[in-house]
Amino acid sequence: MQISHNEFHISKKIRDLCNFNKGLFASSGNVVFANMKNVREFQLLINNVFESRGEENKKLSAGQLNAMGLIDEILHYVCMLYRRDKVPGFGRDLIAELDKEYGKDKIDSLLLDFMKEFPPVAVYNEKIRPEEYLAQTELDAGTGLERTNREQTLEELILLHLANENKAFKPFMIMFSDKELAKNPLYAKTWKTIQKYAAGQPTFGPFNHDLITLLREPQVFAPESLRGQLEYLQKYWAEFLGEWLKRILAGMDTISEEDKAAWHGFGGGDLPDMVPYSFENLMNEYERFSADSEWMPKVILMAKTVLVWLDQLTKQYGYPITRLDQIPDAELDKLRDEGFTGLWLIGLWERSKASRRIKQICGNPEAAASAYSLFDYNIASNIGGWDALANLRQRCWQRGIRLASDMVPNHTGMDGDWVINHPDYFIQRRDNPFPQYTYNGENLSQDGRISLFLEDHYYSKDDCSVVFKRVDNYTGDTRYIYHGNDGTGLPWNDTAQIDFLNPAAREAVMQEILHVARNFPIIRFDAAMVLAKKSIRRLWYPEPGHGGDIATRSETGLSTQQFNDAIPNEFWREVVDRVAQECPDTLLLAEAFWMMEGYFVRTLGMHRVYNSAFMNMLKKEENQKYRDTIKNTITFDPQVLKRYVNFMNNPDEETAIAQFGDGDKYFGVCTLMITMPGLPMFGHGQIEGFTEKYGMEYTKAYKDEKPSQYLVDRHWHDIFPLMKKRYLFSGVDNFLLYDLWEDGHVNENVFAYSNGCGNERAIVFYNNKYDQAHGWIKQSDPYAVKTGNGDEVVMMSRSVSEGLNLTAEDDKYCIFQEHRSRLWFIRKSSEVCEKGLFVMLNGFEYQVYLNVHQVSDQADHRYKILCDFLNGRGCEDIETAWQELIYKDLYTALHAYAGKVISPLFEAFGYEKIKDKAEAEATETSVDTKKAAKSKTVAKKPASLTAKKVTDIMTAAKKELTTFIKIASKFTGKDIKLYAEKEASEITARLKKLVTIHNLKKTKQPANLQKALLKAADATSFASLIEGADADLEKLLLCWALCGSLTEKGCALEFAFGRKFNEYLCEEKFTDKDERWNLTKLFVLATATNSAAIKKDSKAAAYEVTKLLMQSRWCGLLSGTNNFDNIRWFNKELSDDSLNKAILLIALTGKTADFANLQKFNKLLAAAKTKAAYKCELMLKEFEPKIVEKKTVKKSTKKTVTSKTTSKSAKSSKKTASSKTSAKSAKKTALKKSSK
């Protein structure tokens, strides 16, 4: 006896139109959807009908078609269960009832009408007449009972009714519309009878419904959604569906695959809005952070797209720069000077030729292959290969810059070496997954053994295949290898996806990683998240019911046990451990998203992980989201925060300037980037303000962009100095985040945090909104602290005063410097402890306070006085503010004196006042005046500069000078006697010497200045040589001369006259440069020694000069001393300049006859410098006095000597005390006056 089949009938009309393959039908005529291949073949044929009618909008998807067929099959299955388990004679009794009510002939007529529209295969092929088919009896395989074909056809009629009622089946009406059948009046009448009859029969199913109501349940639950109906079946009918559940899950996965593809469309789609990072998923994961090497927290990374950079350098320098070893040293120097310690080179490896050819076919003849579609991991020959890399790496290393390289372990290029020689390493299938896929394009293989074909629709841009075709030209072996894919958009169609369930493939990738780690101290793993186990599972081997990310992969789903057996461990954990063992001191950086950031660093052990929330949230000004991200991170584990990579653009994103602009918002977010814990990363062209986004296939920049000098300069002022302080911000041990409380609520737009290293502290504020913000910060947000008891943590919070190491004693003051303005501020520590800090910020304003430290007030109460006097205002520096306060009267007198003499004196020496920009533009109307403007600060020799001229100037300023000297004497103490007439005479004498030097005929500068100076015969020629080498020196010497003997006595230095004279020169417009430290240098050197001391003991005098240059508080300014390898070194140029000026000042204050002896002294020091080979200790040792052991003397003599010494010492002490008392008295008087 034949088996009675449950059928899914297709109308005869459509069957005729489609000319279906007979293999798609079982013997009874039902379409067989045994697998998705059959579904897709059926889909292609029926969609051809729609296309022929011009009804492309009606085309059916394979997933929806499969779901519809699956629902029909399940309804048949439930009918069989009802007959088997509940009412075995339901069909027989129902058709008997219909025969009774309407007559057997009429019912047969109705069934014959049904078969005319939806004939079984045998009837359709005219092997049997319809009447004969109805008369047959067959075996019901499900129940084991006999069933007539009348009963079987009636069941099909019932399901046809339900199908036409189901709104979700509407797209498929072309296949089973009952429009023709409905013309038979019995069709509607019998349906009422059927429903009435079923209602009177025993109930069935989870809700005890009659059979017809039961069969309607899915469409009632989800009237317009096939997926919803499958979900209903899964949820409520699971008890009796058994193995059908797997097919339901697979059906839902197939719909998900199609929904995702349809949602993105060709060209991809936008990612959904980000939410703050959450770490609940890590609560049950183990913790295994990788420890940092000492250098890792200091890394600041600059990204460069190699081919574009080389092209830009070629244009910039005017000659070909095409190899890594041709990159100019100046570019590396610039990166070092800016503060970068890492250079990420994008596009180093040998690229896929197929990738390049695809891009050329698609319309870009200049394109290179994508930097992420690789042939292998060898440095590309067109940029110089390994030798060129070694050259660049060495030069970068010399500048403290480490090279970073990309790796793309997830895939290779579609014509990569492994595709040719190790095809089993890749995810693949033997059949073409979609019947509409064709591969008739160009063979993209360069290897004659293999042919490679991209699917044709990629070229026409109307589809994007998940596979490409590989053919072995010798054996004919054909494989369809999957493209790389992260499931968020389209496949990467120039790549081949490696199969990480293949142990041989995993080990091959591991060896490539170790190979790269041996050559690069920093490795960035592109799209690292796709190789986490749960991503491999989700994308490529989904658990049934959890697929849908990549088309057709739901067909290869695995159970949890099967998957874990195939890949028992996390691949990345194995990578981290192997690299740590075989290539230690390598920083591993993962590009990971999808809320996996914490997992990658805490569990998998990556040193750093991408923090895309930083860019995306701050760009959109979703400030609360990002503050919540920080809070969630530090309450879970602050060590995660330390491992974020913060960036404002990425090669896959728009440029920083496109996202953040070029104003305060850009610089505010950039300030956050370099002052937050983690690793800051700058994009190619970010500093220069370039707007072009460089594609991975670019060989050059297509926009001819020039750096924005405004942006570059502002980086130098605002950003690069902070990068040099990176050690303050990279860690989390001292990191505290604060809420800004404004009028009773937290202003979520303001980022406020403190951090530090050792005892050094800093605090940062930024308002990422256009609106103004103000308020108080006091207590930090909670953060997790490990107790040491297993995984136990406690939440801690500290006050801002604790964060800045402040205490509440009454005599303690907090001093700090604002980074941008360079102004210093002072606050009373106890007030900060009690109230916190008040913050006021304009829109997008940022403030960084550095050098935060606490001081104890001194006996003179200077910090209290300053704090009260400044009243919250900033000052140039605390010492300057104190000087301005205590020397107020002195500076007033000095200003009056300087104002009287500087203009006439400098004009007499031929200096012109510098015009401001508007004046300069107004006068620069000719070539001659423009040339003159370029040399406007250089003195022009006047027609006649005489000694009388300067005498007259000083005479005219007699009153002001006398007042100045009188007031200065109050501050110098009793030990230093100052007399106005004597000082006037000394000043005039010095000016006359400068007149003589000025009037000398200028000679050509010697090739070797130092040798020429040692040969100078007199002071004037010596001075003339130095002035010839330094155009600004004469101006400085005039200021020195105007101070008279106050310079040698150290008063000009103590009273900060260098700063004041710099102010006066700027005020009088005789300089537009900061000459403060050049003037201060002269005043320091003026205290060195004198001719008399040299004449008395030249070696002792040389020791004093050497100590000043090499050991005093001024040694950095005078000699550029620095420590390297535990040796203190001095700078040749700076020490030469200081020594020359010291000799010059001694010569200008000494007698003419003493110059020969002074030159001997000069030569003595010069010889010692040469012998010392730039080592400070050797220079000092050359003149260090020898310690002579005291001889034993008689007791009585010793007493006498001691008595004399004590007497002298007592006298000296009295003088010193008297001097200090006098100076203090003057300062107190000044303070009293200033407070009035």
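Each reported figure results from applying straightforward, stated rules to the coordinates on display, with no laboratory input. What you see is a predicted model, and the numbers here were worked out from it, not measured in a lab. Note that we place each Cβ from the backbone using ideal geometry, even for glycine, and neighbour counts take in every protein chain shown.
For the set LYS106/LYS167; LYS86/LYS116; LYS59/LYS246; LYS1107/LYS1163; LYS900/LYS1002; LYS13/LYS167, the pairs lying more than 25 angstrom apart at their alpha carbons are LYS106/LYS167; LYS86/LYS116; LYS59/LYS246; LYS900/LYS1002.
Each Cα pair under 8 Å and six or more residues apart adds its sequence gap; the mean of these over the residue count of the chain is a relative contact order of 6 percent. If R0 is taken as 51 Å, the Cβ-Cβ distance between GLN624 and GLU907 corresponds to a FRET efficiency of 0.25. At an R0 of 51 angstrom, the distance between the Cβ atoms of LYS1011 and GLU1063 translates into a FRET efficiency of 0.85. Distance between the C-alpha centres of region 780-833 and region 1113-1128: 33 Å, rounded to the whole angstrom.
Subtracting the Cα-Cα distance of ASP105 and ASN57 from their residue separation scaled by 0.36 nm leaves 13.0 nm. Here the residues SER11, SER370, SER708, ranked from fewest to most Cβ neighbours within 10 Å of their Cβ, fall in the order SER708, SER11, SER370.
When peptides 672-681, 836-845 are ranked by their average number of other Cβ atoms within 10 Å per residue, the highest-first order is 672-681, 836-845.
Considering all C-alpha pairs of the chain, those separated by over 57 Å amount to 43%. When a/c reaches 1.5 or more, the comparison of a/b and b/c decides; with that in mind, is region 414-497 rounded, prolate or oblate per its Cα gyration tensor? Prolate.
Rounded, prolate or oblate, given the Cα gyration tensor of region 3-259, with a/c below 1.5 counting as rounded? Since a/c reaches 1.5 but b/c is at least a/b, the shape of region 3-259 is classed as oblate.
Take each peptide in 63-73, 93-103, 166-176, 152-162, count the other Cβ atoms within 10 Å of every residue, and average; sorted highest first, the result is 63-73, 152-162, 166-176, 93-103.
Subtracting the Cα-Cα distance of LYS706 and GLU146 from 0.36 nm times their residue separation leaves 192.9 nm of extension gain.
On the basis of the beta-carbon distance and an R0 of 30 Å, ILE128 and LYS246 show a calculated FRET efficiency of 0.25. For a straight C-alpha distance cut-off of 14 angstrom, the aspartates and glutamates reachable from LYS966 (same-chain residues fewer than eight places away being disregarded) are ASP889, GLU981, GLU983. Each residue, VAL746 and THR996, gets one label point 7 Å from its Cα in the Cβ direction; the gap between the two is 7.6 nm. Coupling constants for region 212-220 follow from the phi torsions by the Karplus curve (6.51 cos²θ - 1.76 cosθ + 1.60, θ = phi - 60°), and in residue order they are 5, 4, 4, 5, 7, 3, x, 6, 5 Hz; glycine and proline get x. Between SER381 and ALA658, the distance separating the two model label sites (each 7 Å from Cα on the Cα→Cβ line) works out to 3.5 nm. Database remark: amide H of MET302 closer than 5 angstrom to the amide H of GLY342, LEU343, TRP344, PHE682 (H placed geometrically; neighbours at sequence offset of 5 or more, or on other chains; Pro and chain starts carry no H). The distance separating the Cα centre of region 314-340 from that of region 959-983 comes to 58 Å. The stretch between PHE50 and LYS977, if pulled fully straight at 0.36 nm per residue, gains 322.6 nm over its current Cα-Cα span. For region 660-668, backbone phi angles converted through the Karplus equation (6.51, -1.76, 1.60; θ = phi - 60°) give residue-by-residue couplings of 10, x, 10, x, 5, 4, 4, 6, x Hz, Gly and Pro being listed as x.
Note on region 449-492 and region 748-776: Cα centroid distance 52 Å, given to the nearest whole angstrom. Taking a ≥ b ≥ c as the square roots of the eigenvalues of the Cα gyration tensor, an a/c ratio of 1.5 or more together with a/b no larger than b/c marks region 733-879 as oblate. Summary of packing: across the peptides 315-322, 42-49, the per-residue average of other C-beta atoms within 10 Å ranks them, highest first, as 42-49, 315-322. Coupling constants for region 380-390 follow from the phi torsions by the Karplus curve (6.51 cos²θ - 1.76 cosθ + 1.60, θ = phi - 60°), and in residue order they are 4, 5, 6, 10, x, x, 5, 5, 5, 5, 4 Hz; glycine and proline get x. Rounded to the nearest 10 degrees, what's the angle between the helix 36-52 long axis and the longest principal axis of the chain, both from Cα atoms, 0 to 90? Between helix and principal axis, roughly 90 degrees. Among the listed pairs LYS724/LYS812; LYS958/LYS1060; LYS812/LYS1049; LYS948/LYS1096; LYS1001/LYS1095, those with a Cα-Cα distance over 27 Å are LYS724/LYS812; LYS812/LYS1049; LYS948/LYS1096; LYS1001/LYS1095. Please report the antiparallel percentage of the DSSP beta bridges confined to the chain, to the nearest 5. If we restrict to bridges inside the chain, about 70 percent are antiparallel. Annotation: the residues CYS757, CYS464, sorted from fewest to most other C-beta atoms within 10 Å of their own C-beta, follow the order CYS757, CYS464. The amide H of LEU740, built 1.01 Å from its N in the peptide plane, has ASN747 as neighbours under 5 Å, considering only residues 5 or more places off or on other chains. With neighbour counts taken as other beta-carbon atoms within 10 Å, the residues ASP406, ASP105 rank, fewest first, as ASP105, ASP406.
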